[in-house]
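Single-structure report; data block below.
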């Protein structure tokens, strides 16, 4: 009888410790999850800023200026445009 | 003597005393157990709350305002987080050196800073919309009573090119003009909040509940084509400068879907820097300014005359001697013509010929047509300050007014209304509603205003107006058949026609299967030229040519010299 009680006590003790460990593990994972979510938000912000930067670099006014001034490009006169007829599908 | 036999261990206590002590101890225990049951079982709400407040926190989850995209997904407006620096003036007792340092960081005047900190209020914004890196430096100073707060700032990478279309937001990130206001409800995000458990180090260890889920602002995809918009903007800017005009506007519509592909106004402003913003720059003229359309209005009268069957395409109309007296007033043609067919009346833009047509029509019918074309009522796209122009009820029209209205005087319209109404000619007589947002499935036919036959005949007439002998040969585009109508209207000033003009051109191309409607309006050109065919038509031609090339619309007219190549069937 006493032996069984001792066994049960040990089992109960082990369970209690396991619960504590599991709880701690869950919290650690949760903190990590939170950190990743914060990172996600930060990356979203950065993505927005990069999009902004891209739009600024790819602005039509800037492209036109570079094309005209630095690369000396100009729209082709209509007579030099060859129109292709799309092949029937 | 043995310890066990010590007489002290064998006291002779009165039985009542020991029982008394036992009962006392037992009673004490019972009291404690009862109290703990009471606290745990009956009064636990209050204590629970007290306990939770020790480790639970409600934190806000911010939501960002949606982006505005053009039809190809390019970003036109985006919010990024910035910081607001605020202070509790009572706590912020800064030394002069500290104040100077703070003012220097925030790029503001020390006196202004001191004035703000001397405020009686509990809370003042020192500076809003501060870049995050600057705010971090401010916080690093560790000044008392100075705090930061997260907020958003809206950026418009295209600057002044789309200012009127997009509008802008205020400091609190709410729309104030343009699409930002028209679609504010959709764009605005709603911040949420949640309850969490934080540990000693301030880290979140457990999510208790979500009190309110955040609603992120929705992205809005406009019908706008950034490339066509840039083209319209820069060509308009050039034309307004060249003709020393007071203002101008361009509208580009997709004839198949009713989408607004571009909308530019001059003068304009940079929405990213609105320091010196005057009312004139803010005006979205295409929507808010009405003008007398003049000759661009004639096709509607002609179309109604065709529709009523009183005239045919080639019905001769005697317009000589270029004058027509109605009641006490006389109307004139700029150049007298002889006998013109109905088509030539439109081609040569004869006021007299149009008035003769209008005489055979009832005022009620004319009003009905103009009304169903959308004149007199705002388009209701949600833009601030949208106006409907003036279209008086038919009962109040006098004969002379009916005559002048037939060629676009005595009525006022906005540029976008004119462009919209021309959709009836570009399509087969029906009027689809305009759309600011991208339309993925072409709408079914809109409300029919004219018959398909009438619309086709009007297209031929409007094409004639652009050809030699018409009023706007400068609207021609190599490779495409173009149709359109010029307008040159005197401006009304204090009830009398002044020596100032509004030059306009509204047209569509390719005439064989119209894809785009472009409307151009130049207000008060004052560099010598003022005819719509000289001022507005070239802008139309450039915008239209560029837009058609951007969209890859096939030529419908052969170029000389003939340069056509058939694509090789394989490999293309």
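A short reminder: the numbers here are calculations on the coordinates, not readings from a lab. Since this is a predicted model, take the numbers as computed values, not measurements. Virtual Cβ from ideal backbone geometry, glycine too; neighbours counted across all protein chains shown.
Against the empirical 2.2 N^0.38 Å scaling, what ratio does the C-alpha Rg of chain A come to? Spell out each step's value before the answer.
Details: Rg = 34.2 Å, N = 89, 2.2 N^0.38 = 12.1 Å.
Ratio of Cα Rg to 2.2 N^0.38 Å: 2.83.
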Query raised in the report: Where in the range B:433-472 does the label zone of residue B:557 land, with the point 7 angstrom along Cα→C-beta and an amide N cut-off under 16 Å?
Result: B:459-472
Report summary line: Residue-normalised 222 nm signal for the protein assembly as shown, counting each DSSP H run of n ≥ 4 as -39,500 (n - 2.57), nearest 500 deg cm²/dmol, is -12000 deg cm²/dmol
Report task. Give the Rg (one decimal place) followed by the Dmax (whole number) of the range B:150-235, computed from C-alpha coordinates and expressed in Å. Result -> 18.8, 63
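If I take every Cα pair under 8 Å that is 6 or more residues apart in the range B:43-125, average their sequence separation and divide by the length, what percent do I get for the relative contact order?
Values: 53 pairs, mean separation 21.0, N = 83.
It rounds to 25 percent for the range B:43-125.
Restricting to the protein assembly as shown, what percent of DSSP beta bridges are antiparallel, rounded to 5? Kindly include the intermediate steps, with their values, before the conclusion.
Numbers: 75 of 81 bridges.
Roughly 95 percent of the beta bridges in the protein assembly as shown run antiparallel, per DSSP.
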Query raised in the report: Could you give the Stokes-Einstein D for the range B:81-200 in µm² per second, using the C-alpha Kirkwood radius, 20 °C, 1.002 mPa s?
Result: 129
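What ranking of A:69, B:98 emerges when the number of other C-beta atoms within 10 Å of each C-beta is taken as an exposure proxy, fewest first? Provide the component values of the computation, followed by the final result.
Values: A:69 9, B:98 16.
Placing the least packed residue first, the sequence is A:69, B:98.
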Query - Shape parameters for the protein assembly as shown, alpha-carbon atoms, Rg then Dmax in Å - result: 38.5, 158
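Please label the shape of the range B:281-330 as rounded, prolate or oblate, based on the square roots a ≥ b ≥ c of the eigenvalues of the alpha-carbon gyration tensor (a/c under 1.5 means rounded; beyond that, a/b larger than b/c means prolate, else oblate).
Values: a/c = 3.36, a/b = 1.70, b/c = 1.98.
Taking the square roots of the gyration eigenvalues as a ≥ b ≥ c, the range B:281-330 is oblate.
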Query raised in the report: How many nm is it between the label spots at residue B:149 and residue B:513, if each spot is 7 Å from the Cα in line with the beta carbon?
Result: 5.8
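Distances longer than 42 Å among the Cα atoms of chain B: what percent of all pairs is that?
Percentage above 42 Å: 43.
Suppose R0 equals 45 Å. What FRET efficiency, 1/(1 + (r/R0)^6) with r the Cβ-Cβ distance, do residue B:91 and residue A:28 give to the nearest 0.05?
Values: r = 38 Å, r/R0 = 0.84.
After rounding to 0.05, the efficiency reads 0.75.
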**Report entry** Relative contact order (percent, whole number), chain B, Cα cutoff 8 Å, 6+ residue spacing
**Finding:** 13
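If you take the square roots of the eigenvalues of the alpha-carbon gyration tensor of the range B:167-306 and sort them as a ≥ b ≥ c, do you get rounded (a/c under 1.5), prolate (a/b over b/c) or oblate?
On the way: a/c = 3.54, a/b = 2.29, b/c = 1.54.
It is prolate, given that a/c is not under 1.5 and a/b is the larger ratio.
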Report task. Order by neighbour count: B:301, B:488, fewest other Cβ atoms within 10 Å first, most last. Result -> B:488, B:301
Query raised in the report: Any idea how far apart residue B:47 and residue B:107 come out in nm if each label point goes 7 Å out from Cα toward Cβ?
Result: 5.8
Requested in this report: Report the calculated FRET efficiency for residue B:9 and residue B:119 (r = Cβ-Cβ distance, R0 = 60 Å), to the nearest 0.05.
Outcome: 0.15
Report summary line: Under the rule rounded for a/c under 1.5, else prolate if a/b exceeds b/c, else oblate, using alpha carbon gyration tensor axes a ≥ b ≥ c, the range B:352-460 is classed as oblate
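Could you list B:53, B:79 so that the one with the fewest beta carbons within 10 Å of its beta carbon is first and the one with the most is last?
Ascending number of Cβ neighbours within 10 Å: B:53, B:79.
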Query - Principal axis box of the range B:10-73, alpha-carbon based, largest edge first, Å - result: 104, 24, 14
